[in-house]
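The values are calculated or read from the model by the stated rules, or taken from the named source; none is laboratory data. Since the model is a prediction, treat every value here as computed from it, not as a measurement. In this analysis, Cβ positions are derived from the backbone assuming ideal geometry, glycine residues included, and neighbour counts consider all displayed protein chains.
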Amino acid sequence: MKPAPPATVETLDQARARLQLWKEKRGAVILAHNYQIDEVQDAADYTGDSLELSRLAAKTTAPVIVFAGVQFMAESAKILSPEKTVLLPVREAGCPMADTVTAEDVRRARQQHPQAAVVAYVNSSAEVKAEVDVCCTSANAVQIVNALTQDEVIFVPDKNLADWVARHTSKRIIPWAGSCCVHNDLHLKEVTRARAEHPQAALLAHPECRPEVCAQAQAVLSTSGMLKFVKTDPGSEYLIGTEVGLLHRLRQENPTKTFYPVSAAMVCRSMKLTTLSHVADALEFNQHAIEVPEPVRARAAHALEAMLQLV
Ligand code: 13P
Ligand code: SF4
């Protein structure tokens, strides 16, 4: 086994220089989710929401993808581009919501509802994706469900996204009981308090938020959906109902507008694990390579590709 790399204590500038050096040597592309810490977002070749990053992972010609995000995102990149090396800088960066449903749960739900299609939010494991008909992200969940021929849809794992979809389709949605600890912990009373503090600000909410929070929002959007909305909206103040990492790009791309987090507690601990030094280490020491057993990968690819083809 390759020896563990030495613990690196370096300045941000040193980490940036090391990252650049090894990125060029490896011919790598760096993808970062919109919730990553500011300096990791700034060092990435592309930042985006889950859908944008999946599309980029599927079409990049780079032999190495460093995915600054969480496990299911890097896993999706590997599923879509098995010939590439996909590196997750921090092995432990998981998504607690993805862990709320197993492949066995999906098989059981199918037995109980044999007529239903099964849709998995991309925030799920490769094993779960391998059991479902199609994946979706927060950006396309409603369109994916509406594009299916079945009238009944088992939707895993996020109950709040399932509720959002159910409100925008005539189909019967059978939800799973999972949720995101960051978004589901945002309660109406915090929204009310934030609105009282910033009465001019429009509220934008992520569909992983509770239904009563989404009902208060001017728009319910994926992270990149919020970035696009703000660009063309005539307003100048916004309350952002998603993980605080998105505020970095919102402020960078809209310097004349003002953004407030609805709650400063909306921090995804897993997303915040990755530092610039971790990204540089990933490149220098070729760690941590994602592997998905081929039978699982092929079936999971089917569900992800079905999503990319549908919308
Ligand atoms: P987006 O696809 O909207 O970026 O969301 C991913 C996610 O994990 C939300 O918590
Ligand atoms: Fe998972 Fe929630 Fe973190 Fe998104 S914010 S990665 S859903 S725990």
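Matching residues to (1) away from ligand 2 (no atom under 15 Å from the Cβ); (2) without any contact (Cβ under 8 Å) to a residue 60 or more places away in the chain; (3) in contact with an Asp or Glu (Cβ under 6 Å, 6 or more places away or on another chain):
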site	(1), (2), (3)
A15	yes, no, no
Q20	yes, yes, no
E24	yes, yes, no
V29	yes, yes, yes
Y35	no, no, yes
A44	yes, yes, no
S50	no, no, no
L53	no, yes, no
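Within region 92-119, count every residue that is among the small types (G, A, S), within 16 Å of ligand 1 (Cβ to nearest atom) and either crowded, with 20+ Cβ neighbours inside 10 Å or not in a loop (DSSP other than H, G, I, E, B) (or both). Step through it out loud before you land on a result.
From region 92-119, those among the small types (G, A, S) are 93-94, 98, 103, 109, 116-117; that's our starting set.
Those left that are additionally within 16 Å of ligand 1 (Cβ to nearest atom): 93-94, 98.
Filter once more, so that each one left must be either crowded, with 20+ Cβ neighbours inside 10 Å or not in a loop (DSSP other than H, G, I, E, B) (or both): 93, 98.
Within region 92-119, residues that are among the small types (G, A, S), within 16 Å of ligand 1 (Cβ to nearest atom) and either crowded, with 20+ Cβ neighbours inside 10 Å or not in a loop (DSSP other than H, G, I, E, B) (or both) number 2.
From the list A303, A219, which one is buried (at least 17 other Cβ atoms within 10 Å of the Cβ) and either more than 28 Å from L21 (Cα to Cα) or among the hydrophobic types (A, V, I, L, M, F, W, C) (or both)?
Working: A219 fails: buried (at least 17 other Cβ atoms within 10 Å of the Cβ).
Testing whether each residue is buried (at least 17 other Cβ atoms within 10 Å of the Cβ) and either more than 28 Å from L21 (Cα to Cα) or among the hydrophobic types (A, V, I, L, M, F, W, C) (or both) leaves just A303.
Take V311 and tell me if it is within 19 Å of the chain's Cα centre (by Cα) and either at pLDDT 95 or above or crowded, with 18+ Cβ neighbours inside 10 Å (or both).
Considered against the rule, which asks whether it is within 19 Å of the chain's Cα centre (by Cα) and either at pLDDT 95 or above or crowded, with 18+ Cβ neighbours inside 10 Å (or both), V311 comes out as no.
Tell me which of these S124 doesn't satisfy, since it passes every other one: (1) assigned to a loop (DSSP other than H, G, I, E, B); (2) without any contact (Cβ under 8 Å) to a residue 60 or more places away in the chain; (3) away from ligand 1 (no atom under 16 Å from the Cβ).
Checking S124 against (1) assigned to a loop (DSSP other than H, G, I, E, B); (2) without any contact (Cβ under 8 Å) to a residue 60 or more places away in the chain; (3) away from ligand 1 (no atom under 16 Å from the Cβ), the one that fails is (3).
So, of the residues in region 255-291 that are surrounded by fewer than 20 Cβ atoms within 10 Å (Cβ to Cβ) and of a type in the set (A, V, I, L, M), which turns out to be farthest from M97 (Cα to Cα)?
The residue in question is A289.
Would region 79-91 turn up any residue that is within 15 Å of the chain's Cα centre (by Cα) and on the phi < 0 side of the Ramachandran plot? Full working, then the answer.
Residues of region 79-91 within 15 Å of the chain's Cα centre (by Cα): 88.
In the following step, the residues that additionally are on the phi < 0 side of the Ramachandran plot were identified as 88.
Within region 79-91 (the criterion being within 15 Å of the chain's Cα centre (by Cα) and on the phi < 0 side of the Ramachandran plot), the answer is yes, since at least one residue qualifies.
Is it fair to say E237 is away from ligand 1 (no atom under 16 Å from the Cβ), surrounded by fewer than 16 Cβ atoms within 10 Å (Cβ to Cβ), within 22 Å of G178 (Cβ to Cβ) and among the acidic types (D, E)? Show your work before the answer.
Numbers: away from ligand 1 (no atom under 16 Å from the Cβ): yes; surrounded by fewer than 16 Cβ atoms within 10 Å (Cβ to Cβ): yes; within 22 Å of G178 (Cβ to Cβ): no; among the acidic types (D, E): yes.
Considered against the rule, which asks whether it is away from ligand 1 (no atom under 16 Å from the Cβ), surrounded by fewer than 16 Cβ atoms within 10 Å (Cβ to Cβ), within 22 Å of G178 (Cβ to Cβ) and among the acidic types (D, E), E237 comes out as no.
Which of the residues belonging to region 64-86 are aliphatic (A, V, I, L, M) and either without any contact (Cβ under 8 Å) to a residue 60 or more places away in the chain or away from ligand 2 (no atom under 13 Å from the Cβ) (or both)? Quick ask: steps written out before the conclusion?
First, the residues of region 64-86 that are aliphatic (A, V, I, L, M): 64-66, 68, 70, 73-74, 77, 79-80, 86.
Within region 64-86, V64, I65, V66, M73, A77, I79, L80, V86 qualify.
Would you mention how many residues in region 196-211 are within 20 Å of G245 (Cα to Cα), free of Cβ contacts under 8 Å to residues at least 60 places away in the same chain and not in a strand (DSSP E or B)?
Of the residues in that region, 3 qualify.
Looking at (1) at pLDDT 95 or above; (2) of a type outside the set (D, E); (3) surrounded by fewer than 23 Cβ atoms within 10 Å (Cβ to Cβ), which one does R55 not meet, given that it meets all the others?
Here R55 clears every test but (1).
Report yes if some residue within region 250-271 is β-branched (V, I, T), modelled with pLDDT of 95 or more, within 16 Å of ligand 2 (Cβ to nearest atom) and not in a loop (DSSP other than H, G, I, E, B); otherwise report no. Quick ask: steps written out before the conclusion?
Of region 250-271, the ones β-branched (V, I, T) are 256, 258, 262, 267.
With modelled with pLDDT of 95 or more added as a condition, the list becomes 256, 258, 262, 267.
This time we only want the ones that are within 16 Å of ligand 2 (Cβ to nearest atom), so: 262, 267.
Those left that are additionally not in a loop (DSSP other than H, G, I, E, B): none.
Scanning region 250-271, I find no residue that is β-branched (V, I, T), modelled with pLDDT of 95 or more, within 16 Å of ligand 2 (Cβ to nearest atom) and not in a loop (DSSP other than H, G, I, E, B), so the answer is no.
For region 50-78, enumerate the residues that are under 21 Å from Q287 (Cβ atoms) and not in a helix (DSSP H, G or I). Before you say what the answer is, go through the steps one by one.
From region 50-78, those under 21 Å from Q287 (Cβ atoms) are 53, 57, 60, 62-78; that's our starting set.
Those that are under 21 Å from Q287 (Cβ atoms) and not in a helix (DSSP H, G or I): T60, A62, P63, V64, I65, V66, F67, A68, G69, V70.
Within region 191-234, work out how many residues are among the charged types (D, E, K, R) and either at pLDDT below 95 or within 14 Å of ligand 1 (Cβ to nearest atom) (or both).
3
Given the criterion within 22 Å of M271 (Cα to Cα) and either in contact with a His (Cβ under 7 Å, 6 or more places away or on another chain) or modelled with pLDDT of 95 or more (or both), identify the matching residue among N146, N160.
Numbers: N146 fails: within 22 Å of M271 (Cα to Cα).
Step by step, each of N146, N160 is checked, and only N160 is within 22 Å of M271 (Cα to Cα) and either in contact with a His (Cβ under 7 Å, 6 or more places away or on another chain) or modelled with pLDDT of 95 or more (or both).
Give the residue that is farthest from ligand 1 (Cβ to nearest atom), with candidates limited to residues of region 162-187 that are assigned to a helix (DSSP H, G or I) and either at positive phi or surrounded by 14 or more Cβ atoms within 10 Å (Cβ to Cβ) (or both). Write out each step before concluding.
Going residue by residue through region 162-187, those that are assigned to a helix (DSSP H, G or I) are 162-166, 181-184.
Next cut, either at positive phi or surrounded by 14 or more Cβ atoms within 10 Å (Cβ to Cβ) (or both) only: 162-166, 182-184.
Details: A162: 14, D163: 15, W164: 12, V165: 14, A166: 19, V182: 6, H183: 6, N184: 10 Å.
By that ranking, first place goes to A166.
With respect to the numbered conditions (1) hydroxyl-bearing (S, T, Y); (2) surrounded by fewer than 20 Cβ atoms within 10 Å (Cβ to Cβ); (3) out of contact with any strand residue (DSSP E or B) (no Cβ under 7 Å at 6 or more places or on another chain), which one is the sole condition not fulfilled by Y46?
Just one mismatch for Y46, condition (3).
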